[in-house]
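*Asks:* One structure, pasted below without further comment.
Every number here is computed from the coordinates shown, using simple stated rules; none is lab data. Keep in mind that what you see is a predicted model, and the values were worked out from it rather than measured. Methodologically, a virtual Cβ is constructed for each residue, glycine included, from the backbone with ideal geometry; neighbour enumeration extends over all protein chains shown.
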Amino acid sequence: MSNSTTRQVDLVIVGAGFAGLYQLHRARGLGLKTQVLEAGDGVGGTWFWNRYPGARCDVESLDYSYSFSDELQQEWNWSERYAPQPEILRYINHVADRFDLRKDIQFNSRVKSATFDESRVRWTVETEAGEKFDAQYLIMATGCLSIPQPPKFKGLEGFKGKWYHSADWPREGVDFTGKRVGQIGTGSSGVQMVPVIAEQAAHLTVFQRTANFSVPAQNEPLSEETLAQVKANYAERRALGREAVTGVFLMANDKSAVEVSDEERLKEFEFRWRGAGGGFRMLRAFNDLLRNPVSNKHAADFARSKIRAVVKDPVKADLLCPKEDLPFGTKRLCVDTNYYETFNRDNVDLVDVKANPITEVTPNGLRTTTSEHELDAIIFATGFDAMTGALLSMDIRGTGGQTLREKWAAGPRTYLGVSIAGFPNMFVIAGPGSPSVLSNMVHSIETHVNWLSDLLERTRAQGIQRNQFELFRLQNQLSTGRRILAPEDDPIGASEALQVEQAKGVNDQFLANQSTATSDLQYLDAQLGSVSGELESLIERAIQAGNPTLGPDQRNMIASEMKQRLEHVLSLANSRDGTGLYIFSGTQTQTQPFQVVGAGGNYNLTNLYVAYQGDNGQRALQATPSQSMATSENGQDVFMQVRDAQGNVTGRSIFDSIKNLIDINDPNSGVPYSAATYSQSLADLHASLDTISQVRAKVGGRLQALESLTAVGQDQDLLHQGRLSELRDLDYAKAISDLSQRQLLLQAAQQSFKQVSQLSLFNIL
């Protein structure tokens, strides 16, 4: 490597978006000679590349902005609640100019490779143009969504029209006037594009794979009064945002959605949907929307009702409604302006490509499994090679020549999304493992940049210099957060840690068993509850049938309903759990417990009866070392043994009782009405209901016992974790102090940063 061909710097930053610009600003304050390499010809990152129609941020502009400079906050005026892409790009350019950042940014420089030299503890960064940079530190500000996911459709190269990707939009824009346009994808970008393109195009066909929840943005211009109020209280607003989970403070309701009345719940949802300003405020309507499945379903049902109220075509509305298997808010919500309303336009169609997959692109459009669509233009809103795409697109090699792609072969693994084991002095801003796109990205970026900058500043102030062996040992300690890396570091502590870890493993297994047992018993209780409901309905009908004045038609109607309920009770008795095992077969879980014996299933036949095929056992799981917990009830005890008032087994089953009532009411059965049979069958139903209630009580008792055992097990797990932390976790302050003591040479705190250029700080897991 020659100095004539390689530029020497302290720090290379890859990317000139929000992250890269702020990191450059902080690095300058530390006195670091820094070079930013940017693939585009301008600053902006995401907002430089994503220029598609309707592009705007789904975080309010007053929050989606830098907080590090109050002067910047006071002088910049946002025009709308949710800023569009051109305005965000103007803001980023303003920041670059205001802080004179461009002089350290090299544009049109896409990084090809980055290689760590262990002998010198330096990084060599090479661009696609062949330029090389030698740096002590390498910071990747490449973004989470910066590599477009290219379309992979057969025949695309033969398409006669034009096609575009949302993340690589022509800078000059596209005019779709008079065009037949097909858009593939209905994620965040797609949701934003649809209303805008529909107003231009002669016809727009939207190809949707999976419907996602989208909430109204309620976007509006920001008044002078609003701006003045926010600017006067910006410090408080930012502080609240930093304390919020997502980096944005949204006034939260401290009530549960299941604790309030239907009227109050609907009122709160309506307020969040419209009155409170829309957007992500829906997620704060109640305090348990993301924790309680019942509460979440209320929110999901409300959102689906809003979609159906807007979209006039019921077929389109049904397609646009997310399915039951997608909980509300567990996938990042889309925030839209008139998205659903657009599907009421005559020039907009919706195609379900999950039911009718796209098979190929034809010269004149798209072909699905069921139809062809003639198109003049195709838009791919197919998303990104997210999180890892930008990093893996470069040839990054750490210690031992290991590539990042090899390191992440089983999936990305980082320390808090900031650093990667085996890649010393390389950091990632908002990388995999960090809150990243699930948060206000600007807030997360500032948090990461501040942490990294503080780390570098502390290192410079301390002026640490040490031998390479101790250096890498400390790197591993800091990267793992562990004090004990090998038994020789602390033999006694390592031995105890092993014992605690083994005890924790045993406890974790019992906790897993308890969780499985709880799920099994909850499902069992639910099925028993359904049986109880059917028996209560049968008793009600049986009481009605006791009226001797009822005519044949009325009795036939009662008999018909009883037949349906008998079928349902039989179906419940043959229920399977989530693993396909019969829950009422005792230990013979692969055997269907109940079978109807008799010709044709006609319940008026005297030779028809229900036979039990299982055994009298119970499934059980080991809940603790000394306690086994039954997780099932056998069908013999539950359904086949009706008891009289004295508790004696009568020899009749639930099914016999129901069948007798059917026979005496069915005019076609040939069985005459018998008051004695009626009275006995009704008494048997009451007795059966009591039996079910008793079984449910036993199940409830087991669930309570499991809840107590689980609480104890969780407490024990916390104790195990705490002890392991005491034994293994690193005292960072002490580690740095110990490192200082091991230095071969102490240097003055004011020494030049270059004098410690051989230092490698981190090798984080």
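*Asks:* Please identify every one of the GluC sites (Glu not before Pro) in the range 119-198 that sits in a loop by DSSP and has no more than 11 other beta carbons within 10 Å of its own beta carbon. Present the calculation step by step, with values, prior to reporting the outcome.
*Replies:* Numbers: sites: Glu126, Glu128, Glu131, Glu157, Glu172; in loops: Glu128, Glu131, Glu172.
Listed in order of number, the matching sites are Glu172.
*Asks:* Expressed as an acute angle from 0 to 90° and rounded to the nearest 10, what is the orientation of the C-alpha long axis of helix 491-545 relative to the principal long axis of the chain?
*Replies:* Around 40 degrees separate the two axes.
*Asks:* Sticking with this structure for a sec: Any chance you could check the Cα centroid distance between the range 144-219 and the range 395-446 for me, in angstrom?
*Replies:* With the range 144-219 and the range 395-446 each reduced to a Cα centre, they are spaced 30 Å.
*Asks:* For the chain, what does -39500 (n - 2.57) per DSSP helix run (n ≥ 4), summed and divided by total residues, give at 222 nm, in deg cm²/dmol to the nearest 500?
*Replies:* -13000 deg cm²/dmol
*Asks:* Going from the alpha-carbon gyration tensor of the chain, what semi-axes, largest first and in whole Å, does one get by taking the root of 5 times each eigenvalue?
*Replies:* The answer is 61, 38, 24 Å, longest axis first.
*Asks:* Nearest 10 degrees is fine. How inclined is helix 18-29 to the longest principal axis of the chain, computing both from alpha carbons?
*Replies:* 40 degrees
*Asks:* Taking the chain as the reference, fit the longest principal axis to its C-alpha atoms, fit the long axis of helix 441-462 to the helix C-alpha atoms, and give the angle between the two in degrees, 0 to 90, nearest 10.
*Replies:* Roughly 50 degrees between the two axes.
*Asks:* Right, here's the next one. Which lysines, on any chain, are close to Lys698 with Cα under 29 Å apart, when same-chain ones fewer than 8 places away are left out?
*Replies:* Within the straight-line cut-off, Lys698 pairs with Lys659.
*Asks:* Along the range 245-260, what does the Karplus equation 6.51 cos²θ - 1.76 cosθ + 1.60 (θ = phi - 60°) give for ³J(HN,Hα), rounded to whole Hz, x for Gly and Pro?
*Replies:* For the range 245-260, the Karplus-derived couplings read 4, 9, x, 9, 7, 10, 3, 9, 8, 8, 9, 8, 5, 8, 8, 9 Hz, x marking Gly and Pro.
*Asks:* What are the trypsin sites (Lys or Arg not before Pro) within the range 128-159 that DSSP puts in a loop, where the Cβ has at most 14 other Cβ atoms within 10 Å?
*Replies:* Lys152, Lys154
*Asks:* Based only on other Cβ atoms within 10 Å, what is the fewest-to-most ordering of Cys334, Cys57? Before the final figure, lay out each step's value.
*Replies:* On the way: Cys334 19, Cys57 23.
Fewest to most other Cβ atoms nearby, the residues stand as Cys334, Cys57.
*Asks:* Students often forget the sequence filter, so: which aspartates and glutamates lie under 14 Å Cα-Cα from Lys152 once same-chain residues fewer than 8 apart are removed?
*Replies:* Glu360, Asp385
*Asks:* Could you list Ser575, Ser223 so that the one with the fewest beta carbons within 10 Å of its beta carbon is first and the one with the most is last?
*Replies:* Ser223, Ser575
*Asks:* To continue, here is another question. How would you classify the range 156-380 from its alpha-carbon gyration tensor, with a ≥ b ≥ c the square roots of the eigenvalues: rounded for a/c under 1.5, else prolate if a/b is greater than b/c, otherwise oblate?
*Replies:* prolate
*Asks:* Let me ask you something else. Taking the number of other C-beta atoms within 10 Å as the exposure measure, put Ile445, Ile92 in order starting with the fewest.
*Replies:* Ile92, Ile445
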